[in-house]
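Peer 1: First the structure, then my questions, so here it is.
The values are calculated or read from the model by the stated rules, or taken from the named source; none is laboratory data. Since the structure is predicted, the reported quantities are computational estimates derived from the model, not experimental observations. Please note: Cβ atoms are built from the backbone with ideal geometry, for glycine as well, and neighbour counts cover all protein chains shown.
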Protein chains: 2
Amino acid sequence: MSSASKNDQSTFEASLLALGLERRGGVPMHVGLAQALRTRILAGHLPAGARLPSSRALAEELSVSRSTVVAAIDQLVAEGYAEGRRGSGVYVVAEVPEAVLQSRPSTPAASSDAHDDPAPPGPPSPFQPAQPDMAEFPHAAWARLFQRVWRDPPPQLLSGGNASGLRELRREIARHLGAWRGIDCHAGEVIVTSGAAEALELIAHGLIGSGGAIALEEPGYPLARRVLARAGLSPLSVPVDEQGLDVAALARQAKMAAACLVTPSRHYPLGATLPLARRLELLAWARRSDPPRLVIEDDYDSEYRYHGQPLPALMGLDAAAPVIYLGSFSKVLSSSLRLGFMVVREPFRARVIAAVAETGARAALTAQPVLARFMASGAFARHIRRMRRLYARRQRALVKAVATHLGGRFALEPAPAGMHLVASLEAGLAGRMDDAEVSRRARAAGIVAPALSTFYAGPPRRQGLLLGYAGFDASAIDAAAQRLAAALD
Amino acid sequence: MSSASKNDQSTFEASLLALGLERRGGVPMHVGLAQALRTRILAGHLPAGARLPSSRALAEELSVSRSTVVAAIDQLVAEGYAEGRRGSGVYVVAEVPEAVLQSRPSTPAASSDAHDDPAPPGPPSPFQPAQPDMAEFPHAAWARLFQRVWRDPPPQLLSGGNASGLRELRREIARHLGAWRGIDCHAGEVIVTSGAAEALELIAHGLIGSGGAIALEEPGYPLARRVLARAGLSPLSVPVDEQGLDVAALARQAKMAAACLVTPSRHYPLGATLPLARRLELLAWARRSDPPRLVIEDDYDSEYRYHGQPLPALMGLDAAAPVIYLGSFSKVLSSSLRLGFMVVREPFRARVIAAVAETGARAALTAQPVLARFMASGAFARHIRRMRRLYARRQRALVKAVATHLGGRFALEPAPAGMHLVASLEAGLAGRMDDAEVSRRARAAGIVAPALSTFYAGPPRRQGLLLGYAGFDASAIDAAAQRLAAALD
C-alpha cells in the first residue's frame, strides 16, 4: 500500500469513528455501517483502490460485532463499491464512476406529487358509443359475491388455475351461448380472454401466422384492424352494403385470405344483420379452400336486440364449420372487467391453447368466479333483459331528440338492436362540412360522436356520426342533441 | 432406430389401419386422423421417441390425401404429443407427461358434456418456482376491500378509467418504488399492465418496432424471448456469468441491439446480483448510441431479499438514464391478478401510452382499487415482510433437505434473495443423465423442477434444476427431496 493511501485510510478511519454509529430506529447496525462506508466512499474520503480496514480492526474500533462489519462489507461488495482480492482483504473499487457521484438519492417525499398525471377522464359524455350505463351496474350483487368468493377463495382462483380461464366460468359461458345464441359447445371449447383484441392476437399467432392475409369489413372496427396488422397479418378490405358483408365481393377480392373477420349479428358500425343466404355463402367460401379458411365471428353486442328473434350465431348454424366465435362482457357488464371469450373447436382449439401457453394468459382470474356465480344464479340473464328494455327506450329517445333538434341535418333510422345509431349527414349539412368536422364541432361542445369516416380504412363511402344511446338517459340525450344543433349553426 | 421401436412402429401402423378411419359426421378427415394418432400414443401403442411413419406413407396406407396427414401431424406437434427433428421426420415426444395422460383428448361429438374439459391443475407441487404460498394470501382483508370498493364503486372503476390504470393504484406504486427500490417517479410515469409480457409487447411495438434487435440474457426467461420474438424483434443472446449479465460481451456482441432486457436485482434464473460497476457500464452502453439504446429492467421478485440491503434499482441509479422498469404483483400477491406495471419516463412515455391506446389496455380494473387501498393501508408492506421471513426459513429448509437427501447428486448454495435456488448436477449424476432427464424423472414422481437447460436459447452451459421453495412448507420440501432422491436411484 502506498503512503498516500495510508494517509487516506487514516482519514477514512477517523471519519468513520467521527460518525458515531448510532442504532437508528429499526435500521439494523450493519445497514447503518454500510451506509456510512458508502457515504465516505462517495464523498471521496476513501479513494479508489484503497484497502478497507480489516473486519476485526473495524469491529474493535467501532465497538460492534465482527459479524456486523462482515455483513456491511459484503453489502458494499455486492453493490460494487468494494471488491475482495484473494487473500488480501477488501478494496474500494478502482473507479467509482461519476454517474454514481452525480446521482441524487431518491426523495420519496416528492414522488407522491401527481401534478404530471393527467386527471382521469370524467363520466362518459353522450353520445359515446359502446358504453353501457354504469349506474345500472349490479354493484351490490357483485360486492356480495366478491366478498363471498374472496373470503374463502377456491384454490384455482389464487394458484393461477387453467390458462384458458376458470372452469366454472367457461361452463356458464357455454350454457349461456347454448340458450341465447344457439351455439352447442362445451366448457373445454371456451377460452376466457382479456377481450376481443387478445382473441384476435391468439388467432393471428396460433392459426394464421405472420404474413397471412385476413379479410375485414369496410367500414369496420379500427381497433381490430390495428391489432391484426400489429400481429403481422395483411388486412384486405371487403365492402359492406345494406345487408352487411358483401360475400360475393369477398369471394372475388380476397382469394388469398386465410380468414375473414365478420360481425354478422349486427355489422359494426353500420348495424346490418347478415342474412342467412350470405351466412351460408360465407361458410361455403371458407370451405372452398384446403385447409379451410377461418371465419371469425365477432358477436360483440348481440344481447341487445329489441325486436324480433336474433338469428342464431354463425357458429350455431353448422357445428363443423371453421368458425371461431368471439364474445365480450364489455357491453353487457363493463369494459373495466377486461373479460371476453372465444369459442374454438377442434382442430383449432389445441393450437390456440398452445398460443396462450406460449406467451401467457392475460385475463385476470379476479372476477371470474364472481361472474360465474352471477351467471349461474340467473341474475346475469335478468340484468340483460332489464338493460334491453332500458336501452330500447333510450333508442326511442334518441330518435325523437334527433328529429326534434337536428331534423334536416341528420337522417337516422331506428334499429332493432344495438347500442348506437348511425346518423347520416343530410345534403345541406354535408355541403358545408364533412363528418370529421361535424365530430370536431360536437367535441368542442362536449359531445362525443365519432365520425363514420374514421371507420373506413380507405376512402369513406358514407358520411355520418355514431350516436351511442345506451349509457345516457332521455334527458341527457335530449340536451346533447340540442347542444349539437347549436354547435352546428 | 432400435429394433424394439421398429416393432413398436409396426404395431402402431397395424393399429392405425385397424382403425378404419371413417369420415364422421361433420368432422374433417384430418381431425379424425389426429384423434386416432393421439389415442394410439396415449394408449402406449407408439412409445416415447418412436418415429411416426412419413406423411407420404401414411397417406398411401390410409388412402387419404397427404395434406390431411400433414394437417393431422401438425396438430399433434402443436399439442405436444410429437416433435419434428430437423431433416429426420416426426417423433413421439420423449415422454408424454402425466398431465397429458390424465387429460382425455377432446371429442367434438360429445360437445355439451363438460367431461372434455380437463380438470383444472391441482395445487402447485414442489418445487414449482415463482410460486408464492397461496395459503398466505391475505384473502380476508381482500374480501373486505372488495366488498367496500364494489358496494360503492368509484366512477373510474366502471367506466374504464385511464387506459394506463387506476390513478390511485399508480400513486401507490410510485410511493412503493420510492421507499423500496430507490426510484423517484410519479404516478403519471406508472402504467399498469396485465404483466411483464404485455409490457414487453408495448415496448416492442411502441419504442423499438418490428425487425429491431434486442439483447437478452443467456440463460434467461423463455417467455420473454417468445413474447419479443412474436412481437417481431430479433433476440440476441448475451452470456451471463457469476455476476450476472456480461456487459463487456454485450458491448462486443450486440452492437445492433436497440435494447437490452436485464434482471439486475437477481438474475433469472441463476440468481446473481449485477454489481454496480456493470450497472454503470450497462447504462454507458445504452448511451453510447444515438438515440440511446433502451435498458429494460425486469425487477420481478426484488421484494424477497433475506440478507443485506438490496441494491437500488437501475432506474434509481440515474434519473436521466434510458431505463424502463418492469414490476409485477405475481410474486408478492398472486399471478391470478394478472397485474404488473412499468415505469416509463419521457421521452418514452408518450409512445408507450400511444401503444396502449392503439390496441387497447389489457389489465382489468377489477382489483386495482382494492390493491391501491391494500397498499395505502400499509398492509402490503407488512405482507411482504411476513412472506420474507417465511420464505427465508423455507430456503433454509430446502438447503437442509437437499444436503440430507440429495447430497452428492446436487450442489446448491444458499442465496440472499429470491424464491428458488439452482441445484447443479454433481459429476456422478451428470455422468448418468442430463438435467432434462432428471427433470422428467422428477415429474414422474410428482415433482416439478424445471431443467436449467430449458432456460438457454442456445446450447446449455450448465446443467441443473430450479428448485422453488417459497410455496411449500418445510415438511413438503423435505418429503419432495426424499421422493426426488428415490426417483433418481
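Peer 1: If you take the residues in the range B:178-198 that are more than 7 Å from chain A (Cβ to nearest Cβ) and of a type outside the set (A, V, I, L, M), which one is surrounded by the most Cβ atoms within 10 Å (Cβ to Cβ)?
Peer 2: That would be B:THR193.
Peer 1: Checking the condition modelled with pLDDT of 90 or more and not basic (Lys, Arg), which residue from A:LEU177, A:LEU158, A:LEU101 passes?
Peer 2: None of the others qualify; the one that does is A:LEU177.
Condition check ((1) touching a residue at least 60 places away in the same chain (Cβ under 8 Å); (2) under 21 Å from A:PRO291 (Cα atoms)) across all residues:
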| position | (1), (2) |
| --- | --- |
| A:ARG181 | yes, no |
| A:ALA187 | no, no |
| A:SER194 | yes, no |
| A:GLU198 | yes, no |
| A:GLY209 | no, yes |
| A:LEU233 | no, yes |
| A:SER237 | yes, no |
| A:VAL247 | no, yes |
| A:ARG252 | no, yes |
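Peer 1: Could we say that B:GLU437 is surrounded by fewer than 18 Cβ atoms within 10 Å (Cβ to Cβ) and in a helix (DSSP H, G or I) here?
Peer 2: Answer is yes for this residue.
Peer 1: Follow-up. Being under 27 Å from the mean Cα position of the chain (by Cα) and within 11 Å of another protein chain (Cβ to nearest Cβ) is the requirement here; does B:ARG278 meet it?
Peer 2: yes
Peer 1: Residues of the range B:258-275 being at the interface with another protein chain (Cβ under 8 Å from one of its Cβ atoms) and either in a helix (DSSP H, G or I) or within 20 Å of B:ALA196 (Cβ to Cβ) (or both), which ones? Steps first, answer last, please.
Peer 2: Within the range B:258-275, the first condition is being at the interface with another protein chain (Cβ under 8 Å from one of its Cβ atoms), and the residues that meet it are B:273, B:275.
Correct list: B:THR273 only.
Peer 1: Report, by residue number, each residue of the range B:145-156 that is basic (Lys, Arg) and within 7 Å of chain A (Cβ to nearest Cβ).
Peer 2: Matches in the range B:145-156: B:ARG151 only.
Peer 1: Another question, then. Taking the range B:127-144, which residues are of a type in the set (S, T, N, Q) and more than 9 Å from chain A (Cβ to nearest Cβ)?
Peer 2: B:GLN128
Peer 1: Follow-up. I'd like the full set of residues that are crowded, with 23+ Cβ neighbours inside 10 Å and under 21 Å from A:PHE455 (Cα atoms), limited to the range A:202-226.
Peer 2: Within the range A:202-226, A:ILE214, A:ALA215, A:LEU216, A:GLU217, A:PRO219, A:GLY220, A:ALA224 meet the criteria.
A quick yes/no check of all residues on (1) out of contact with any strand residue (DSSP E or B) (no Cβ under 9 Å at 6 or more places or on another chain); (2) buried (at least 22 other Cβ atoms within 10 Å of the Cβ); (3) aliphatic (A, V, I, L, M):
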| position | (1), (2), (3) |
| --- | --- |
| B:ALA397 | yes, no, yes |
| B:LEU406 | no, no, yes |
| B:ALA427 | yes, no, yes |
| B:MET433 | no, no, yes |
| B:ARG461 | no, no, no |
| B:ASP473 | yes, no, no |
| B:ALA481 | no, yes, yes |
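Peer 1: Based on what the data block shows, is B:ALA174 more than 7 Å from chain A (Cβ to nearest Cβ), among the hydrophobic types (A, V, I, L, M, F, W, C) and either within 17 Å of B:GLY360 (Cα to Cα) or touching a residue at least 12 places away in the same chain (Cβ under 8 Å) (or both)?
Peer 2: no
Peer 1: Then there's this: So A:VAL90 ticks every box in (1) more than 27 Å from B:PRO416 (Cβ to Cβ); (2) at pLDDT below 85 but one. Which box is left unticked?
Peer 2: Result: A:VAL90 fails condition (1) only.
Peer 1: Would you be able to say whether some residue in the range A:203-213 is modelled with pLDDT of 95 or more, in a loop (DSSP other than H, G, I, E, B) and at the interface with chain B (Cβ under 9 Å from one of its Cβ atoms)?
Peer 2: No, the range A:203-213 has no match at all.
Peer 1: Just one of the numbered conditions (1) within 14 Å of chain A (Cβ to nearest Cβ); (2) surrounded by 18 or more Cβ atoms within 10 Å (Cβ to Cβ) is not true of B:SER234; which one?
Peer 2: Just one mismatch for B:SER234, condition (2).
Peer 1: While we're on this one: Considering only residues that are part of a loop (DSSP other than H, G, I, E, B), under 27 Å from A:VAL332 (Cβ atoms) and touching a strand residue (DSSP E or B) at 6+ places or on another chain (Cβ under 9 Å), which ones fall in the range A:440-459?
Peer 2: A:VAL448, A:ALA449, A:PRO450
Peer 1: Is it the case that some residue within the range A:380-390 is surrounded by fewer than 24 Cβ atoms within 10 Å (Cβ to Cβ), within 14 Å of chain B (Cβ to nearest Cβ) and within 25 Å of A:LEU158 (Cβ to Cβ)?
Peer 2: no
Peer 1: Also, I was wondering about something else. List every residue pair whose Cβ atoms lie under 7 Å apart, where the two residues are 6 or more positions apart in sequence or sit on different chains, the first residue falls within the range B:390-418 and is under 19 Å from B:TYR268 (Cα atoms), and the second residue, located anywhere, is in a loop (DSSP other than H, G, I, E, B) and among the acidic types (Asp, Glu).
Peer 2: B:ALA411/B:GLU426; B:GLY418/B:ASP301
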